[in-house]
1. Positive end of the charge dipole of the chain (Lys, Arg +1 and Asp, Glu -1 on Cβ, about the Cα centre): tell me which of Ser77, Gly21, Trp55 has its Cα farthest that way.
2. What spacing in nm lies between the two simple spin-label points modelled at His13 and Val63, each 7 Å away from Cα in the Cβ direction?
3. Can you count the Lys pairs in the chain whose Cα atoms are under 30 Å apart, with each pair 8 or more apart or on different chains?
4. What are the ³J(HN,Hα) couplings of the range 46-54, residue after residue, when phi is run through the Karplus curve with 6.51, -1.76, 1.60 and θ = phi - 60°? Round to Hz, x for glycine and proline.
5. Report the net charge of residues surrounding Leu29, where surrounding means a beta-carbon distance below 14 angstrom and charges are Lys +1, Arg +1, Asp -1, Glu -1.
6. In degrees, nearest 10, range 0 to 90: what is the angle between the Cα axis of helix 23-40 and the longest Cα principal axis of the chain?
7. Determine ³J(HN,Hα), in whole Hz, for all residues of the range 71-77 in sequence, where each value follows from phi through the Karplus function 6.51 cos²θ - 1.76 cosθ + 1.60 and θ = phi - 60°; x replaces Gly and Pro.
Amino acid sequence: MGSRGKKPRKPQHSQHLPKTGTKPDTQRLMHEEHEAMLDTFGMGNANKGTRTVVWVVGAILLVGAILAFIGLTVVLS
């Protein structure tokens, strides 16, 4: 009637988290938020090169839209 065959009390690979409010904790939370955001956009499993290309193309489109808005404002005024 010993402990043979029983499950261990603690998992063997428990994750130790940093104390709340410390710099490592804030960095971990930000990393998790960024991963969740990328997963929402469907880029959760994309590599770094693909993410960079998507961000650069998005920035170019944003700048183009702002310049077009400024151009239309000047022409129509």
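1. The Cα lying farthest towards the positive end belongs to Gly21.
2. 4.3
3. Details: Lys7/Lys19; Lys10/Lys19; Lys10/Lys23; Lys19/Lys48; Lys23/Lys48.
Taking the chain as the scope, the lysine pair count is 5.
4. Once rounded to whole Hz, the list reads 6, 7, 5, x, 5, 4, 4, 4, 5.
5. Details: positive: Lys19, Lys23, Arg28; negative: Asp25, Glu32, Glu33, Glu35.
Once all neighbours under 14 Å are counted, the net charge is -1.
6. 60
7. x, 5, 5, 5, 5, 7, 8
Bear in mind these aren't lab numbers, they're just calculated from the coordinates by the rules spelled out. What you are looking at is a predicted structure, and each value in this text was computed from that prediction instead of being measured. Because the Cβ atoms are built from the backbone with ideal geometry, glycine has one as well, and the counts that use them run over all protein chains shown.
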